[in-house]
1. Across 5 Å bins from 0, what is the distribution of all Cα-Cα pair distances for region 135-279, in whole percents?
2. From the phi of every residue in region 120-129, what ³J(HN,Hα) in whole Hz does the Karplus formula 6.51 cos²θ - 1.76 cosθ + 1.60 yield, where θ is phi - 60° and glycine or proline is x?
3. Quick one: among S189, S214, S153, which has the greatest mean-square fluctuation in a GNM of the chain with alpha-carbon springs under 10 angstrom?
4. Compute the long axis of helix 14-35 from its Cα atoms, compare it with the longest principal axis of the Cα atoms of the chain, and write down the angle in degrees, 0 to 90, nearest 10.
5. Taking every pair of Cα atoms in the chain, average 1/r, invert it to obtain the Kirkwood radius, and report Rg/Rh to two decimals.
6. Please compute the modelled spin-label separation between A216 and H274, points set 7 Å along Cα→Cβ, answer in nm with one decimal.
7. Between the alpha-carbon centers of region 246-279 and region 172-226, tell me the distance in whole angstrom.
8. Calculate for the chain the 222 nm mean residue ellipticity that helices alone would give, adding -39,500 (n - 2.57) per DSSP H run of length 4 or more and normalising by residue count, nearest 500 deg cm²/dmol.
Amino acid sequence: SKESGRNLVRFFDPTLESAVRVRAELEGDLRAAIEHGQLQLYYQPQVAVHGCLTGAEALVRWNHPLRGVVSPADFIPLAEETGLIVQLGQFVLETACRQLAAWAGQPDFADLSIAVNVSARQLRQDDFVHQVQAALTRSGANPVRLKLELTESVLVDNVQEIIEKMLALREIGIGFALDDFGTGYSSLSYLKRLPLDQLKIDQTFVRDVLEDPSDATIARTIVALARALDLGVIAEGVETAAQLDFLREAGCYAYQGYFFSRPLPVVDFEAYVHRRTQR
Ligand code: C2E
Ligand code: CA
Ligand code: CA
Ligand code: CA
């Protein structure tokens with residue numbers, strides 16, 4: 001029977017059994033979560049030098065009825081493996097576009113951009129360009145305010161196809177950032193071919209930028225590279241004033257991190273914006 005089979009597995013390897021069970025449970029739950037509106041976007045401010053707020057990165061959260069708020073690190077990889085990332089990504093895109101449209105009429109919010117993470121698998125869908133356009137049209141959001149964050153994992157295969165999609169989306173004003181820059185395996189030659197607007201210095205380089213000379217060198221080099229390629233550059237994971245000072249001196253003029261704010265539910269993000277503009 002099913003039950004004795006379970007017991008057998010548990011007997012041989014309890015950790016494996018529970019890992020497999022938790023995974024299967026999570027997969028079913030995630031499917032339901034997408035359908036039943038348990039996913040929510042948090043917004044983390046992106047700040048320019050001199051403290052001017054330029055926008056936010058949308059980061060998905062899952063309000064699990066039993067497990068509480070589940071971090072994306074615990075379900076994005078699962079969503080990628082199972083293909084659920086396509087639906088999840090579509091939800092994120094739709095929600096972000098609706099948010100942009102809602103902000104468009106409000107003075108303190110109208111100029112803000114939203115950066116949305118797009119997984120390689122999502123980008124490889126044949127109708128990706130159409131899906132993005134449809135989300136913009138349905139919401140009435142201004143494409144110029146939408147930024148898509150890609151990682152170097154999009155460079156694994158069919159790069160020409162990816163480039164064509166990016167060009168089509170850029171045509172209507174959408175910007176592209178290369179996320180987690182420096183942690184992947186891409187050749188620098190791709191940097192020249194990809195129609196990017198911004199490099200995002202990964203937080204692993206920012207974390208020890210003051211203590212670790214090689215991280216400092218990498219951060220400075222990414223800034224120089226961005227400049228040479230005529231790209232913008234933003235640092236993520238900025239937690240301290242000292243890191244901020246280092247980055248500013250290195251010529252990086254856009255930042256994101258706990259030093260400014262953690263990712264916030266939209267109501268809290270709006271309160272954060274109001275507090276800043278009232279100062
Ligand atoms: P990411 O795109 O690199 O996002 C940055 C992560 O760093 C976020 O984790 C953010 O909360 C965290 N972070 C921001 N500032 C700081 C800081 O100062 N210090 C530290 N230690 N961490 C900071 P989060 O929200 O847990 O997201 C993790 C990853 O999950 C994201 O990494 C992204 O790869 C993925 N993800 C999140 N939302 C989405 C989504 O809507 N679609 C896709 N495809 N992936 C997503
Ligand atoms: Ca990101
Ligand atoms: Ca990142
Ligand atoms: Ca990251």
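None of the figures in this text is laboratory data; all of them are computed from the coordinates on show. Just so we're clear, the structure is a prediction, and the values are computed from it rather than from any experiment. Note that we place each Cβ from the backbone using ideal geometry, even for glycine, and neighbour counts take in every protein chain shown.
1. Computed distribution, short to long bins: 2, 9, 16, 19, 18, 15, 12, 7, 2, 0.
2. For region 120-129, the Karplus-derived couplings read 4, 5, 5, 5, 7, 4, 4, 9, 4, 4 Hz, x marking Gly and Pro.
3. Fluctuation is largest for S189.
4. In the chain, helix 14-35 runs at an angle near 60 degrees to the longest axis.
5. Numbers: Rg = 20.2 Å, Rh = 20.2 Å.
The Rg/Rh ratio comes out at 1.00.
6. Label at H274, label at A216, 4.3 nm between them.
7. Here the answer is 20 Å between Cα centres.
8. Values: 12 runs with 141 residues, N = 279.
Calculated mean residue ellipticity at 222 nm is -15500 deg cm²/dmol.
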